[in-house]
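Below: the structure, in structure tokens.
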Amino acid sequence: MDDLLSDRMKEELDAGRPVELCVLVETHGSSPRKAGASLVVLGDGSTAGTIGGGALERLAVKEARRALESGSSRVRDYTMNGAESDTGMICGGDARVCLLHIAPGAPGIASMLDARKSGSPTALLIDMADLENPAAVIVADNEGPTTATLETTAEERRARASLADAATSAGLISVPKACDDKTCSWALSCTEAQTKGTAFALPLTAEGRVYIIGGGHVGAALVPVLAGLGFEVVVYDARPEFAVPENYPAASRVICASFAELASHVTITRRDYVMVCTPAHGSDLEVVEHALACRPRFLGCLGSAKKTSFVHGRLRDAGFSDEEIARLRMPVGIPLGDETPAEIAISIAAQMICVRRNHPEPTA
């Protein structure tokens, strides 16, 4: 679920208009998108996001518009096995889409819309035991799983509507059976969309930030590429002439401070991506040592084979194991025959996409 989709949902709900959230919860065989792809249908019939396009999306959107009008939720299955299938698509697979009706003020919606900016794990957990009346909750990790109802069964919605005090009614709404503590804990542990029995979990926490340490030619070329892919990008440079926000309009933040003071200005988490491209071997090594100890999801550094050997040796001297050092992508980027800063930026971004999608990284 990307920021554009979330922003459009928020605009509609803040204006008092309900929306229909369509989530691709399961696929078999070939499919344009993987489980977790989402789109939202708005009151005027327009959409934001995509579950793959083509006839599959067209049929799902048509069904979602009907569900939005009736204020209902449902799960629908679509086949993509050629002319005889219900979509006419020839991908050779099938897909299941869950349509969730979300009304303004629904408990948990604020948590969902803020989740992409939250530092704590958050997930959308859908109970599909009843395909004609699915229910969903937002699960957050507040020193243990806590839930807020996003979508309830029709019976529960009627019970809530019959009570004048919304705060009181919230306490009477039961959590769906498939959303017990054990299932909620499972949902929070998921790093990608997964189905378990009749439950579907979609992690909502924001992608980790990308810290570009060094705003030179490659760093500057990377910023718009990564921002265009939906990453939040932070640029960090010790040189005042480089650490100028106007030079990186797509960056969320630009920090000017000594490379040695990195730990005092940013907190690198295991969700984050770190790209090291400072102007000197010494500062590269200094940053890599600190970042490697933080165990980010991605750590890359510019460098030749000779520089790589030098950095690896110094890391061993500093006490890092070979297994830890292997987590450093250096030389960074997928081999594309790239030479210019723009081409190098594409090769690095491609490698980050592989990591984000848990896809094998090409080596040649």
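For Asp322 and Leu131 in the same chain, what is the full-extension length gain: residue separation times 0.36 nm, less their Cα-Cα distance, in nm? List each step's numbers first, then the result.
On the way: separation 191, 0.36 × 191 = 68.76 nm, distance 4.97 nm.
Once the chain is fully extended between Asp322 and Leu131, it gains 63.8 nm.
Given R0 = 35 Å, the distance between the Cβ atoms of Ala260 and Lys10 translates into a calculated FRET efficiency of 0.30. Averaging Cα coordinates gives a centre for the range 203-276 and one for the range 294-327; these two points are 20 Å apart.
Our coupling estimate for the range 7-21, obtained by passing each phi through the Karplus curve with A = 6.51, B = -1.76, C = 1.60 and θ = phi - 60°, is 5, 5, 4, 4, 4, 5, 5, 5, 7, x, 10, x, 9, 10, 8 Hz, Gly and Pro reported as x. Ranking of Thr50, Thr191 by neighbouring Cβ atoms within 10 Å, starting from the fewest: Thr191, Thr50.
Based only on other Cβ atoms within 10 Å, what is the fewest-to-most ordering of Tyr211, Tyr236? Mind showing how you got there, number by number?
Working: Tyr211 24, Tyr236 27.
By the 10 Å Cβ count, ascending: Tyr211, Tyr236.
Residues Ser73, Ser347, ranked from the fewest to the most other C-beta atoms within 10 Å, line up as Ser347, Ser73.
No lab work stands behind these numbers, since they all come straight from the coordinates. Everything quoted here is computed from the prediction, not taken from an experiment. Note that each Cβ is placed from the backbone with ideal geometry, even for glycine, and that neighbours are counted across all protein chains shown.
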